[in-house]
Amino acid sequence: MIDLSIRHLKKSYEDGVEILKDLSFDIQAGEHVAILGRNGCGKTTLFRILSGETDYDAGTVQRAGGKRLGLISQIPVYPPEYTTEDVLKTAHRRLENITARLEALTEQMAADAAPEVLREYDALSAEFERLGGWNADVARDKVANGLDIPAAMRAQKFDSLSGGEKTRVNLARLILEDTDILLLDEPTNHLDLHATEWLEDYVLHFHGTVLAISHDRWFLDTVAQRCIEIQDGAAEFYAGNYSFYVEERQRRFAERLKKYEKDQAKYEQLKRAAEQMHLWAFMGNDKLHKRAFSMEKRMEKLAVGEKPRLQKKLDLRFAEREFFGDEVVLTEGLGKSFGEKRLFHDLDLLIEGTDRIALIGDNGSGKTTFLKVLMEEETPDTGYVRFGPSVKTAYLPQIIRFSHPERSLYDTMLYEENCLPQAARDRLAQFRFTGEDVFKPVSALSGGELSRLRLCMLMRHDINFLILDEPTNHLDIASREWIEDAVDDYGGALLFVSHDRWFIERFANRIWELDRGEITDFRGSFSQFREFKARQASIQSAEKRRQERQSPPEKTEKRGAARTERQMARLERDIGKLEAEIAALDAEAEANASDYQKLMELDAQKGELNARLDALYAQWEALGE
């Protein structure tokens, strides 16, 4: 069954620019589809058309009868007295209406239990139960907790919330509604890792239809079953998730390029042959003119157009300064509080020259404050920070400000970077600031353009310690990729805060998780850290079940429990040793990344260790139960 059908959709802006030229596609019921395309290609315009917010010029848009549609990018206007809780409850208006009618019918039945009244009461009761009326409060609490909407925010006036908080509340409201088709426009913006993973799990188990626009490639990889790319106003289809799209798009480009080169070669061959035929015809053989004309018709059918091109990557590299010694940064007893809220305390940490560290944690946990303490923008309450003697730092903050935003990009480079005029133009051009763009005021730049300009300035200087705070925020996928290419070529120490799991997985060889004022230091990739957290959660869950089932023991039970505890302690020591051995193998594999034979041997050893580790975990869980 088709939930959405789009046929020959066209849409132009008031300035005459045609953004959707001939868009056609069908969405089957229950499909989860990613809508892709560069910024400005018409993705959000399409969603506004589907939701009825925007009209279109030509074509048809059909939705399956009776299907309810919700768009996350829209934040409705509510009465000024509404709290966040009132907004969340609007998702259950149908339930409130049913409840009010049931109360009225109850009063009516007390005086007159007519059959038609009883039938209406039974029908409404069944509908109330179908819509989850008995569990509405529980569902509201579950969604609010998952999207980090605490009790204090739920009691707060909705109008007083920030834009990001309103987006989270609106997403929660949409999830709570009885919606059949979800349109998600950048749903992970303003969400931390915990909330993003909760949303992913919800979308994965959502039985309705989902269309998602997102720059979060990990999110798209997880939830999308297929991708539709809007290119030149039309749709191109990919039967897989985002990773499949990347590979398939490259393969299709290679095929188009190969066909273009083949057609070009054939065109040139026919052109030379036709010219030769005409020349010979003038020498007395008029029949050769017909053959030449036939070749020219074949040339017209080839219709060799422009050469296929992918967007050119920026050739960018950080200017690196040689690093001497092992110590980049050392902290001892580091602590910071704001009023009664203690963000972190007693942090003893060491960053070394080869470290690429991802600092992760929930929103408000103190990640940005920690970076500001390192950069001496904030003063610690306790402890100190010491940098190595040869360390040269570059810092890209989350919120980028310039001291003179009224200056043009060109003047900013001249005054703040002390550039020569031609060097300033050349440098800006490397970062795709060309033509009249260089004379725009800095205040007119978007968030992504501000990041690009700041990086343009940072990358001129010799550095060996790079600190990034949410470097991919507000950037489209293409911009994220060019930042990643620049970071990939950088060989110094790296510390970054990010909720972009694709970015974390690509660059981190060490994870710092800031939680309840303490940092868990894990040496390994983000995927390995997730596996570690899953094992820890499994152990804690088994321990909790064991404690819940444990009855008051008699003497024999005490002896048996003590024996079990000893066995579990021994297993935990063995598990710890095996995990350390696996981590050592991972480090050795990274050091021998170019030695295929060695990697095969290490992989075999790791397979054996993982099998032993699984067996130990099985024994541990059996004892726990």
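The values are calculated or read from the model by the stated rules, or taken from the named source; none is laboratory data. It should be emphasised that the depicted structure is a prediction, and the values quoted were computed from it without experimental measurement. Here the Cβ is made from the backbone with ideal geometry for all residues, glycine too, and neighbour counts use every protein chain on show. Calculation scope for accessible area: heavy atoms of the full protein, side chains included, ligands and nucleic acids excluded. Shrake-Rupley method; radii C 1.70, N 1.55, O 1.52, S 1.80 Å.
In the stretch 353-372, is there at least one residue being closer than 30 Å to LYS440 by Cβ, over 25 Å from the mean Cα position of the chain (by Cα) and free of Cβ contacts under 8 Å to residues at least 60 places away in the same chain?
No - not one qualifying residue is present in the stretch 353-372.
If you scan the stretch 604-625, which residues turn out to be open to solvent by 60 Å² or more (accessible area, probe 1.4 Å) and of a type in the set (S, T, N, Q)?
Correct list: GLN605, GLN619.
Suppose we filter LEU191, LEU220 for residues that are among the aliphatic types (A, V, I, L, M) and at pLDDT below 90; which single one remains?
LEU191
Restricting attention to the stretch 489-499, which residues are open to solvent by 10 Å² or more (accessible area, probe 1.4 Å) and closer than 16 Å to GLU470 by Cα?
Passing the criteria: only HIS499.
Please go through the stretch 373-402 and give me each residue that is within 20 Å of the chain's Cα centre (by Cα) and either part of a strand (DSSP E or B) or more than 25 Å from MET413 (Cα to Cα) (or both), ordered by number.
Across the stretch 373-402, the qualifying residue is only LEU396.
Would you confirm, using the coordinates I've provided, whether GLY361 is closer than 29 Å to GLU197 by Cα, in contact with a helix residue (DSSP H, G or I) (Cβ under 7 Å, 6 or more places away or on another chain) and of a type in the set (Gly, Ala, Ser)?
yes
Only residues that are more than 20 Å from ASN39 (Cα to Cα), open to solvent by 30 Å² or more (accessible area, probe 1.4 Å) and touching a residue at least 60 places away in the same chain (Cβ under 8 Å): list them for the stretch 436-480, please.
Correct list: ARG460, HIS461, ASP462.
Checking the condition surrounded by fewer than 18 Cβ atoms within 10 Å (Cβ to Cβ) and closer than 25 Å to PHE25 by Cα, which residue from GLN225, GLN156 passes?
So the residue among GLN225, GLN156 that is surrounded by fewer than 18 Cβ atoms within 10 Å (Cβ to Cβ) and closer than 25 Å to PHE25 by Cα is GLN225.
State the number of residues belonging to the stretch 62-108 that are out of contact with any Pro (no Cβ under 7 Å at 6 or more places or on another chain), surrounded by 14 or more Cβ atoms within 10 Å (Cβ to Cβ) and either closer than 30 Å to THR44 by Cα or free of Cβ contacts under 8 Å to residues at least 24 places away in the same chain (or both).
Going through the stretch 62-108 one residue at a time, the tally reaches 25.
Six or more apart or on different chains, Cβ atoms under 6 Å: show the pairs whose first residue is in the stretch 247-270 and in a helix (DSSP H, G or I) and whose second is modelled with pLDDT of 90 or more and surrounded by 12 or more Cβ atoms within 10 Å (Cβ to Cβ).
From residues that are in a helix (DSSP H, G or I), the pairs are GLU248/TYR238.
Return only the number of the condition from (1) surrounded by 14 or more Cβ atoms within 10 Å (Cβ to Cβ); (2) under 14 Å from HIS92 (Cβ atoms); (3) of a type in the set (S, T, N, Q) that ASN170 does not satisfy.
Evaluating ASN170 over (1) surrounded by 14 or more Cβ atoms within 10 Å (Cβ to Cβ); (2) under 14 Å from HIS92 (Cβ atoms); (3) of a type in the set (S, T, N, Q) leaves (2) as the failure.
Take the residues in the stretch 575-603 that are of a type in the set (S, T, N, Q) and outside any helix (DSSP H, G or I); name whichever of them is least open to solvent (accessible area, probe 1.4 Å).
Among those residues, the one meeting the criterion is ASN592.
Residues in the stretch 500-513 that are open to solvent by less than 30 Å² (accessible area, probe 1.4 Å) and assigned to a loop (DSSP other than H, G, I, E, B): how many?
Final tally of qualifying residues: 2.
Okay, residues lined up against (1) polar (S, T, N, Q); (2) surrounded by 11 or more Cβ atoms within 10 Å (Cβ to Cβ):
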residue	(1), (2)
LYS266	no, yes
LEU270	no, yes
GLN276	yes, yes
LEU279	no, yes
MET283	no, no
LYS287	no, no
GLU296	no, yes
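Restricting to the stretch 326-362, name every residue that is touching an Asp or Glu at 6+ places or on another chain (Cβ under 8 Å) and among the basic types (Lys, Arg).
Across the stretch 326-362, the qualifying residue is only LYS336.
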